[in-house]
1. Kindly indicate whether any position in region 69-82 is under 21 Å from ARG22 (Cβ atoms) and part of a strand (DSSP E or B).
2. Are there any pairs, at least 6 apart or on different chains, whose C-beta atoms fall under 9 Å, with the first in region 92-117 and exposed (fewer than 14 other Cβ atoms within 10 Å of the Cβ) and the second outside any strand (DSSP E or B) and hydrophobic (A, V, I, L, M, F, W, C), and if so, which?
3. How many of the residues making up region 105-138 are in a loop (DSSP other than H, G, I, E, B) and over 23 Å from VAL43 (Cβ atoms)?
4. Out of (1) in a strand (DSSP E or B); (2) under 20 Å from VAL110 (Cβ atoms); (3) not aromatic (Phe, Trp, Tyr), the odd one out for VAL52 is which?
5. GLY122 passes all but one of (1) small (Gly, Ala, Ser); (2) at positive phi; (3) surrounded by fewer than 16 Cβ atoms within 10 Å (Cβ to Cβ); (4) in contact with a helix residue (DSSP H, G or I) (Cβ under 9 Å, 6 or more places away or on another chain); which number fails?
6. Using the structure shown, decide if ASP64 is in a helix (DSSP H, G or I) and surrounded by fewer than 19 Cβ atoms within 10 Å (Cβ to Cβ).
7. Name the residue that is nearest to HIS76 (Cα to Cα), counting only residues in region 108-121 that are modelled with pLDDT of 95 or more and of a type in the set (Gly, Ala, Ser).
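The values are calculated or read from the model by the stated rules, or taken from the named source; none is laboratory data. Given the structure is predicted, the values throughout are model-derived calculations rather than measurements. Heads up, the Cβs are rebuilt from the backbone with ideal geometry, glycines too, and the neighbour counts pull from every protein chain shown.
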Amino acid sequence: MTDTTTDPTTDPAAETAADPTRAIDTHLRAYCEPDATVRAELVAAAWEADGVLVDPPFDGAGHDGIAAMADAVLAHYPAHTFERTTEVDAHHAFARYGWALVAPDGTPAVTGTDVVEFGEGGRIARVVGFFGDPVPAA
């Protein structure tokens, strides 16, 4: 029997870890996934086991803590989805991108920028989120 745990053609988690944009998009999809089982699978695919997500109002650590943060988002913003609004700007083990939390009618409810650090395995190790438009010029 062939071990497929590290083959990106057969293992979705390995495929996600091999591509920073895919890891970020998987994270955003997980963050508003109402099905707890699917959310847990998406978080596990995108995140290192000891990852940390820090947003202005709260933070979570580990797969369970990050998945639980989605409960708060879903309670305040039912049926909303996260969309990446910029390309992923990445270098070394870091990336940044813009996002919007979008209502079912297409209206952005919240926007922001996330800064990501990837672990050695290519999955997300840390996200620090900022709400609002990019930092204005001085």
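1. Within region 69-82 (the criterion being under 21 Å from ARG22 (Cβ atoms) and part of a strand (DSSP E or B)), the answer is yes, since at least one residue qualifies.
2. Within 9 Å, the pairs are PRO104/ALA79; ALA109/ALA103.
3. Here is the first cut: in region 105-138, the residues in a loop (DSSP other than H, G, I, E, B) are 105-107, 119-123, 132-138.
Applying the additional criterion that residues be over 23 Å from VAL43 (Cβ atoms) yields 105-107, 132-138.
Counting residues in region 105-138 that are in a loop (DSSP other than H, G, I, E, B) and over 23 Å from VAL43 (Cβ atoms) gives 10.
4. (2)
5. Unmet for GLY122, out of (1) small (Gly, Ala, Ser); (2) at positive phi; (3) surrounded by fewer than 16 Cβ atoms within 10 Å (Cβ to Cβ); (4) in contact with a helix residue (DSSP H, G or I) (Cβ under 9 Å, 6 or more places away or on another chain): (3).
6. Numbers: in a helix (DSSP H, G or I): yes; surrounded by fewer than 19 Cβ atoms within 10 Å (Cβ to Cβ): yes.
It is true that ASP64 is in a helix (DSSP H, G or I) and surrounded by fewer than 19 Cβ atoms within 10 Å (Cβ to Cβ).
7. Only one residue tops the list, namely ALA109.
Listed here are the residues, each with its yes/no results for (1) among the aliphatic types (A, V, I, L, M); (2) touching a His at 6+ places or on another chain (Cβ under 9 Å); (3) within 10 Å of CYS32 (Cα to Cα); (4) modelled with pLDDT under 95.
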position	(1), (2), (3), (4)
ALA68	yes, no, no, yes
ASP71	no, no, yes, yes
ARG84	no, no, no, no
GLU87	no, no, no, no
ALA95	yes, no, no, no
TRP99	no, no, no, no
VAL102	yes, yes, no, no
GLY106	no, no, no, no
